[in-house]
Each structure stands twice: as structure tokens, then as C-alpha cells.
Amino acid sequence: MPRQNMATMGVRFGSWCALERAAAEAPERPGLLQVRAEALLSFPRGKSAMVLYTATATDESLVAFVAGRGAPLLARAAALGGRLVRFAEATLPEAELERLMQHFTERFSAPPPGNAEE
């Protein structure tokens with residue numbers, strides 16, 4: 001399957017920053033975030049550094065999400081090796097997340113560890 005960049009997926013992610021700076025760097029709009037490890041992780045079909053993909057509700061800012069209901073997800077991602085985060089603003093973040101997760105799972109045959117069932 002050919003690789004798709006994030007622009008063709010419907011969202012454009014910004015630059016990576018340290019995970020501990022997530023609250024300071026998060027946009028004031030709804031959207032998605034990715035958390036990655038510094039090293040590649042093994043999946044059934046290949047390797048990726050992605051630890052977590054998640055999204056706000058359509059009426060929730062990324063700032064509020066990171067400080068509130070997303071904080072435990074980010075803490076879990078950090079415990080799983082996540083070190084960097086980046087954000088993408090989106091009008092329909094949950095729909096974009098679904099598409100992104102489907103693409104990742106099809107490509108690697110498993111979700112990122114932060115999205116896997118505990």
C-alpha cells in the first residue's frame with residue numbers, strides 16, 4: 001500500500017515538541033494529536049514510532065483536552081515511551097481520527113500502543 005502523508009488524510013500536523021510542553025503548545029481549536037517515541041516500535045507488519053493518536057470533541061479545544069480529559073491519555077503515552085507530541089486542527093476531529101486509525105491499523109496490523117485495549 002502506498003504511503004499517504006497527513007495532508008492527504010485531511011489534516012496537517014504541525015511540528016513536534018516535547019510531550020511535557022503539550023499544554024503550552026496546544027492550539028485553542030479542536031483537533032487531533034499524535035504522540036511518538038524517539039525510537040521505532042515493532043508492530044506485526046513493520047515499525048513505527050507512533051504511540052498514540054487521539055482527538056478532541058468538535059466543541060473542545062486542544063488546550064482544554066490536553067489539560068483535562070486527555071491528560072491521562074498523555075500520561076499513559078509517556079509511560080509507553082512517548083516523548084514528542086504534535087497537533088493538527090480539524091473541524092471534525094473524531095472523523096479524522098477514525099480515518100487516521102484505520103490507515104495505521106491497516107498498514108501495521110495493530111493500533112499504536114496508547115490506543116490498544118489495556
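Just so you know, all these numbers are worked out from the coordinates, no wet-lab data involved. Just so we're clear, the structure is a prediction, and the values are computed from it rather than from any experiment. Methodologically, a virtual Cβ is constructed for each residue, glycine included, from the backbone with ideal geometry; neighbour enumeration extends over all protein chains shown.
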Enter the Cα centre distance for the pair region 23-41 and region 51-118, rounded to the nearest angstrom. 8 Å
What list of ³J(HN,Hα) values in whole Hz, one per residue of region 52-57 in order, does the Karplus curve 6.51 cos²θ - 1.76 cosθ + 1.60 (θ = phi - 60°) give from phi, with Gly and Pro shown as x? 7, 10, 8, 8, 7, 6
Work from the charge dipole of region 1-97 (Cβ charges, +1 for Lys and Arg, -1 for Asp and Glu, about the Cα centre) and give the residue of Ala71, Leu84, Val11 farthest towards its positive end. Leu84
What Kirkwood radius, in Å to one decimal, follows from the Cα pairs of the chain? 14.1 Å
What full-extension length gain, to one decimal in nm, is calculated for Glu38 and Ala67 as 0.36 nm per residue of separation minus the Cα-Cα distance? 8.1 nm
